[in-house]
Amino acid sequence: METALYLIPVPLGNTPFDQVIPAYNREIIRQIRHFIVENIRSACKFLNMLDSTIPIQELEFYELNEHTRLDSIGNYLDPLKAGLPMGVISEAGCPAVADPGADVVAMAQRQDLKVVPLVGPSSILMAVMGSGFNGQSFAFNGYLPAKPAERADKLRFLENRAQKERQTQLFIETPYRNIKMIETVTSVCKPDTLLCIAAGITTGQEYIHTRTVAAWKALQKKGGLPELGKVPAIFLLYR
C-alpha cells in the first residue's frame, strides 16, 4: 500500500455501502490507522458499518470541521510525513468538495505529499448528470445569502450568468428550507428559466426533475411539490 493521504467517500444518506462504495476502498481503509475526519462519532460509525473488524479503539482521529482553527492543524499530517498512510473522511459524499477537508488536502499538496482520491458518490456531479444541463461548464455556488434581498440579487446574477455563458449554476440550502428556496426561485427567476431539483441522490428518496420555473410555479400552486423538508438537495439553474 502506498503512503498517501487517501480521500475516502461516504455514502449519501442511508444508501447501502455496496451500491456506491467499491470493494477496493475497504481494502485501503482496513490498512489505515490515522484519520482526519469531520466528526469523530460519525466517522467511527462509518468505519464500523464498512467493516466491523476494524479496531476502532486503535485508531487515531484528527477532527477538522467548520469550528476547527486552521492554525491548529499544522501537525495533522505528521503520521503521513513519517511514512504512514492517512485517510480523510467527510460526513457524506466526497471529502474536500464543498467540505473542510479541502484545507488539509491543500496542506498536503503544498508539502508535496501524495494525495489519492478514492471512487465514491458525488452529489454535485450526479446532479449535473441527471439535470440535462451543460456538463462541460458548470459552477457550484454553495449556500446563497440568507437575507431575502441579497438572495434575490444572487439568483438573478446566477440566472443571467447561466443565460449569457451557457453555464450550469448549482447551489444548496439547508434541507428544512428547501421548499422556501423553491418558492424564492419561482418568484425571482424568469418563467422560461430551467430549474432542476436533485434531492436524496442514491437514496430511496431520490428525486431528480427538471422543469421551467413557470412549470414549477404551477406545480407549487397545485400542492404538487415533493416533500423535501428533511432531504439534502441541490438546485441547478440553466437557460
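The values are calculated or read from the model by the stated rules, or taken from the named source; none is laboratory data. What you are looking at is a predicted structure, and each value in this text was computed from that prediction instead of being measured. Counting neighbours? That spans all protein chains shown, and the Cβs are built from the backbone with ideal geometry, glycine included. With ligands, DNA and RNA removed, areas are computed over all heavy atoms of the protein, side chains included. Shrake-Rupley method; radii C 1.70, N 1.55, O 1.52, S 1.80 Å.
Counting 0.36 nm for each residue step from D153 to K230 and taking away their Cα separation leaves a gain of 25.1 nm. For the residue pairs K45/K114; K147/K230; K114/K164, the alpha carbons lie more than 32 Å apart in K114/K164. Based on Cα contacts under 8 Å between residues 6+ apart, segment 107-239 shows a relative contact order of 30 percent.
Equivalent ellipsoid semi-axes for segment 1-105, as square roots of 5 times the alpha carbon gyration tensor eigenvalues: give them largest first, rounded to whole Å. Walk me through the numbers before you get to the answer.
Working: eigenvalues 83, 54, 30 Å².
Semi-axes from the Cα gyration tensor: 20, 16, 12 Å.
What does the accessible area per residue of the chain come to in Å², with a 1.4 Å probe and no ligands, DNA or RNA counted? Walk me through the intermediate numbers first.
Numbers: 12110 Å² over 239 residues.
Roughly 51 Å² per residue, with all protein chains present.
The label point for K221 and the one for D192, both projected 7 Å from the Cα toward the Cβ, are 2.0 nm apart. Just the protein heavy atoms count here, and of the accessible area of segment 110-239 at 1.4 Å, carbon and sulfur take up 52 percent. Counted over all Cα-Cα pairs of segment 147-195, pairs farther apart than 18 Å make up 25 percent.
When you restrict to C-alpha pairs under 8 Å that are six or more residues apart and normalise by the size of the chain, the relative contact order lands at 22 percent. Test of understanding: in a Gaussian network model of the chain with alpha carbons linked when under 10 Å, which of K147, K45, K114 would top the mean-square fluctuation ranking? The residue with the greatest mean-square fluctuation here is K147. A Förster radius of 25 Å combined with the Cβ-Cβ distance from E58 to L125 puts the calculated FRET efficiency at roughly 0.15.
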